[in-house]
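The values are calculated or read from the model by the stated rules, or taken from the named source; none is laboratory data. No experiment lies behind these values; they were computed from the predicted model shown. Because the Cβ atoms are built from the backbone with ideal geometry, glycine has one as well, and the counts that use them run over all protein chains shown.
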Amino acid sequence: MKIAHIVRRFTFSEWGGTESVVWNIAKQQKIQGLTPEIICTAALDKSGIEVVDGITIKRFPYFYPYFPMPAKDKLALDKKGGNPFAPQLLKELADNNYDVFHIHAGGRVANYAIRLAEKLAVPTIMSLHGGSCAIPEQEMALMLKPLKYKFSYGGIIDRICRARKTPESCADALLALSREEVEKLQKLYPDKKVELFPNGILHRELPAAGDFRKKYNISEKAKLLLCISRIDYQKNQKILLNLLKKDENAHLLLIGPVTAEWYFEELLREAEKDDIKDRLTIIPGLQPDSIELLQALKTAYCFFLPSRHEPFGIAALEALDAELPLIASAVGGLRDFLTDGGNSLLFEDNNIASLLEAYSKLDSVREKIIAGGKATAAEYNWQNIAEKLTEIYRELLK
């Protein structure tokens, strides 16, 4: 079985949840004896073919149908929210006899791929990684900010190509990350096959922390508060600065690619204003298999995921697997596998008082939630998830 994993972007330099899911599924499918390929635009990377661990990644030229399109706005759309045209990507799909189109994107990439699949009689399955039915209005407005005051000619091309329907309404099956989204999709598309399909993790043994703290000028005595996620308004790292104001022994470490430059700068300004910048360390992105990423998990006191909106939350599972106590916001897909006081501590979305209250409880329940978290992490295994996915493919192919 030859599978096209169709993604808006896929780059090892700016890793995120979607990339992690696609990559781990592809690796498991390779072990199963299937032939997965990753087909994407060249956003944040370069056009061409790359083979990594025996998996072929094909990246194609693309453009955003807006005028003007300065480099800074194009970069912002590449990082988040872009809705590009990629004609050569479609030609690749048409010419290579794929058995299944597995779409991990929305917008035009998904819409045009599904229209092509209908002509080729290829089944389509669509994973909604971004929680398309559950994105808050404020976040959507911020994501589309680079398009303000621009002339859009994309609709003209869409009309000519008769690609005006939502891709979710046309795909053969939809995979959602949370129960909340499954319920919304079932109401929107009552005749559609909708599956709850959570993400997974691979267990990783953590190395010794070594001189990680010394390298990044973090005191060995400090309580290291760790957050690994994109530096982005959705992830809401700014609320964690309140912990540094409350606990003088704490040091905050943020690791992740910057997907909203203005938010990153705002974060730094606020830390400087509150005179806590010397206890804030930001590492803007490490490779997912980086030894330093594992060392950070090893040396941390606890892990935070304060997201405003979170379709699933792989970072939370990875923290549980690393036996780190987790404090997270009670939003989205996180509520499906996290229980307050059982395997984590939860706080109300964007509520400083609730965050500080959860942090104050940590020492009293630390061992309990670590044990609960370890048991939870063991339930989410990529091998089992990939096998279930292959069964869905086979069902569609019938």
field: Flag if residue 357 is exposed (fewer than 15 other Cβ atoms within 10 Å of the Cβ) and under 24 Å from residue 129 (Cα atoms)
entry: no
- request: Residues being under 19 Å from the mean Cα position of the chain (by Cα), of a type outside the set (D, E, K, R) and farther than 13 Å from residue 337 by Cα: count how many of those fall in the stretch 177-195.
  value: 1
- prompt: Do the conditions hold for residue 211, that is, is it in contact with a Leu (Cβ under 6 Å, 6 or more places away or on another chain), at pLDDT 90 or above and either over 30 Å from residue 69 (Cβ atoms) or not assigned by TED's automatic domain parsing to the domain that holds residue 65 (or both)?
  reply: no
field: Top-ranked residue in the stretch 72-91 [being at pLDDT 95 or above and either surrounded by fewer than 17 Cβ atoms within 10 Å (Cβ to Cβ) or touching a Ser or Thr at 6+ places or on another chain (Cβ under 8 Å) (or both); ranked as nearest to residue 25 (Cα to Cα)]
entry: 89
Extreme residue, surrounded by the most Cβ atoms within 10 Å (Cβ to Cβ), among residues of the stretch 321-339 that are out of contact with any strand residue (DSSP E or B) (no Cβ under 6 Å at 6 or more places or on another chain) and within 17 Å of residue 367 (Cβ to Cβ): 322
query: Would the stretch 259-282 turn up any residue that is within 26 Å of residue 207 (Cα to Cα), out of contact with any Ser or Thr (no Cβ under 8 Å at 6 or more places or on another chain) and at pLDDT below 95?
result: no
task: Working only within the stretch 330-365, note down all residues that are under 17 Å from residue 313 (Cα atoms) and either aliphatic (A, V, I, L, M) or assigned by TED's automatic domain parsing to the domain that holds residue 176 (or both).
output: 330, 331, 334, 338, 345, 346
message: Looking at 41, 56 in this structure, which one is among the polar types (S, T, N, Q), closer than 19 Å to residue 110 by Cβ, modelled with pLDDT of 95 or more and within 22 Å of the chain's Cα centre (by Cα)?
response: 41
task: Among the residues of the stretch 322-365, write down those that are among the small types (Gly, Ala, Ser), over 21 Å from the mean Cα position of the chain (by Cα) and not in a helix (DSSP H, G or I).
output: 341, 342
- prompt: What about residue 368, is it surrounded by 14 or more Cβ atoms within 10 Å (Cβ to Cβ), in the same structural domain as residue 244 (by TED's automatic domain parsing), touching a residue at least 12 places away in the same chain (Cβ under 8 Å) and in a helix (DSSP H, G or I)?
  reply: no
- prompt: Given the structure, is residue 308 among the basic types (Lys, Arg), touching a residue at least 60 places away in the same chain (Cβ under 8 Å) and out of contact with any Cys (no Cβ under 9 Å at 6 or more places or on another chain)?
  reply: yes
